[in-house]
Amino acid sequence: MTSHDGDDLTAAARLREADEPSSPVIRFGKDRPLRLDAGVDLAPWQIAYQTYGTLNADKSNAILVCHALTGDQHVASKNPLTGKSGWWSMMVGPGRPLDTDRFLVICANVLGGCMGTTGPASTNPETGKPYALDMPLVTIRDMVRSQAMLVDELDIDTLFAVVGGSMGGMQVLQWVASYPDRLFSTAVLCAGARHSSQNIAFHEVGRQAVMADPNWCNGKYLEFDVRPSKGLAVARMAAHVTYMSDESLHRKFGRSLQNRDHVTFGFDADFQIESYLRHQGMTFVDRFDANSYLYVTRAMDYFDLAAEYGGVLAHAFQGSKTRFCIASVNSDWLFPTSESRVVVHALNAAGANVSFVEIDSPRGHDAFLLNEPELFTMIRGFLTGAAGVRGILPPALADDWEAHV
């Protein structure tokens, strides 16, 4: 099989996942539209999801995990496109902090995504072609609305917890504002109540890289059987730099050369960091749709929770009975600790039950996805306390869990 054939198979698999995902999916007909902030109804539409564990008799042990920008529903199971383990397998599973022996863990692909929930790569029923840019723009609140309809379909009234980091953390905060009576506890990791101008700027650089690729074809590349792979790869490379810290980059790569003793005086990947970023870019294009990247980054840009409440963030949490755990990482410059403190101060002003932890880690924004024992211990402790108040079993500690962490 040639490399080109392999690329074709990957592209075909990715297209199948957009409409017929390798996970459960719930389809909503024209009689059950999703009302979007853009002012239009999306119908028909679908949402793809995964569940792990079992719902207890009184349906009080369900945890919703909200994924970050380029995540998906396969939080603790093999990704059908990459074959890799779930993106949060260290956090979700038997004996893990989100213990699937004690909780029903739910994770859905976000609206605008490309792994089975309706997005720009999905087939538009009116044309039989991919939506592309005919898909209405979506917001974080739209994503949460779709998740709430999923939870309704699963016949769950109240979630024990909603947990997420980065864009997932934005979704958690929107859940609190939109459905305050449906949440018992929440954990918000490495996130903020709005997207900063710096972060919007980084996203715009990525979007422009995608749209400048000649194969983008004004968003209709799937109709022409091409992909803006180079543009999307560059977007991913730029974004990936923001997920790390200067210290983590220096520790991992420094100025080490890539498989050579001297610089080449050319534009090949002389340095290990260059080779690493190119690899990150090219592997990303095999699993993600370019238009979806435009849509989900735009959704993050539009997020400003306080703006919905007259510019006063505390009003979004007024009267909330939810228990909150807010965590930041001291080397995260994408969502620095100051952003988390803004949320904590607003929760305090609203009289909410909130705990706050700043994780000491050199790994930057991506630390919440990596092997950080302090983070695991914090989440386990928070959920143990919340479970005691809720009257359900807390996460157990598997005999070999610490060995895996």
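Please determine, by comparing only the residues of the stretch 12-36 that are surrounded by fewer than 17 Cβ atoms within 10 Å (Cβ to Cβ) and not basic (Lys, Arg), which one is modelled with the lowest pLDDT. Ranking the qualifying residues of the stretch 12-36, first place goes to Ala12. Evaluate the stretch 28-44: report whether one residue or more is more than 21 Å from Gly391 (Cα to Cα), of a type in the set (Phe, Trp, Tyr) and out of contact with any Phe, Trp or Tyr (no Cβ under 9 Å at 6 or more places or on another chain). Checking the stretch 28-44: not a single residue is more than 21 Å from Gly391 (Cα to Cα), of a type in the set (Phe, Trp, Tyr) and out of contact with any Phe, Trp or Tyr (no Cβ under 9 Å at 6 or more places or on another chain). Among the residues making up the stretch 91-109, those that are in contact with a Gly (Cβ under 8 Å, 6 or more places away or on another chain) and part of a loop (DSSP other than H, G, I, E, B) are Thr100, Asp101, Arg102, Phe103, Asn109. Kindly indicate the residue of the stretch 137-164 that is among the hydroxyl-bearing types (Ser, Thr, Tyr) and over 19 Å from Thr100 (Cα atoms) and also least open to solvent (accessible area, probe 1.4 Å) among those meeting that condition. Looking at the filtered set, the residue picked out is Ser146. Of the residues examined, Tyr295 is one that is assigned to a helix (DSSP H, G or I), open to solvent by less than 40 Å² (accessible area, probe 1.4 Å) and not aliphatic (A, V, I, L, M). The helices (runs of 4 or more DSSP H) located wholly in the stretch 300-405 that include 2 or more residues which are in contact with an Asp or Glu (Cβ under 9 Å, 6 or more places away or on another chain) occupy 337-349, 373-390. Within the span defined as the stretch 75-88, one or more residues are touching a Phe, Trp or Tyr at 6+ places or on another chain (Cβ under 9 Å), under 27 Å from Ser185 (Cα atoms) and among the aliphatic types (A, V, I, L, M).
Being surrounded by 21 or more Cβ atoms within 10 Å (Cβ to Cβ), touching a residue at least 12 places away in the same chain (Cβ under 8 Å) and part of a loop (DSSP other than H, G, I, E, B) is a property that holds for Gly71. Only one of the numbered conditions (1) among the aliphatic types (A, V, I, L, M); (2) closer than 16 Å to Phe288 by Cα; (3) over 18 Å from the mean Cα position of the chain (by Cα) is violated by Leu81, and that is (3). Among the residues of the stretch 219-247, the ones that are open to solvent by 10 Å² or more (accessible area, probe 1.4 Å), within 18 Å of the chain's Cα centre (by Cα) and not aliphatic (A, V, I, L, M) come to 3 in all.
Restricting attention to the stretch 57-108, the residues that are modelled with pLDDT under 95 and charged (D, E, K, R) add up to 1.
Evaluate the following for Trp88: is it more than 20 Å from Met300 (Cα to Cα), open to solvent by less than 30 Å² (accessible area, probe 1.4 Å) and under 14 Å from the mean Cα position of the chain (by Cα)? Yes.
Okay, residues lined up against (1) without any contact (Cβ under 8 Å) to a residue 60 or more places away in the chain; (2) open to solvent by 60 Å² or more (accessible area, probe 1.4 Å); (3) touching a Phe, Trp or Tyr at 6+ places or on another chain (Cβ under 6 Å):
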| position | (1), (2), (3) |
| --- | --- |
| Ser320 | no, no, no |
| Phe324 | no, no, no |
| Val329 | no, no, no |
| Pro336 | yes, no, no |
| Asn348 | yes, yes, no |
| Asn353 | yes, yes, no |
| Thr384 | yes, no, no |
| Leu393 | no, yes, no |
| Ala396 | no, no, no |
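Only residues that are open to solvent by less than 10 Å² (accessible area, probe 1.4 Å) and in contact with a helix residue (DSSP H, G or I) (Cβ under 7 Å, 6 or more places away or on another chain) were counted across the stretch 92-107, and they come to 2. State all residues of the stretch 356-371 that are open to solvent by less than 50 Å² (accessible area, probe 1.4 Å) and either free of Cβ contacts under 8 Å to residues at least 40 places away in the same chain or touching a Gly at 6+ places or on another chain (Cβ under 6 Å) (or both); if no residue qualifies, say none. Result: Val357, Ile359, Ser361, Phe368. When Gly39 is tested against (1) of a type outside the set (Lys, Arg); (2) open to solvent by 30 Å² or more (accessible area, probe 1.4 Å); (3) more than 18 Å from Pro120 (Cα to Cα), exactly one condition is not met: (3).
Screening Ser146 against (1) part of a loop (DSSP other than H, G, I, E, B); (2) at pLDDT 95 or above; (3) of a type in the set (Ser, Thr, Tyr) leaves a single unmet condition, (1).
The values are calculated or read from the model by the stated rules, or taken from the named source; none is laboratory data. Remember, it's a predicted structure, so these values are computed and weren't measured experimentally. Every residue, glycine among them, receives a Cβ derived from its backbone with ideal geometry; neighbour counts consider all protein chains shown. To get the accessible areas, we keep the full protein, side chains included, count just its heavy atoms, and leave off ligands, DNA and RNA. Shrake-Rupley method; radii C 1.70, N 1.55, O 1.52, S 1.80 Å.
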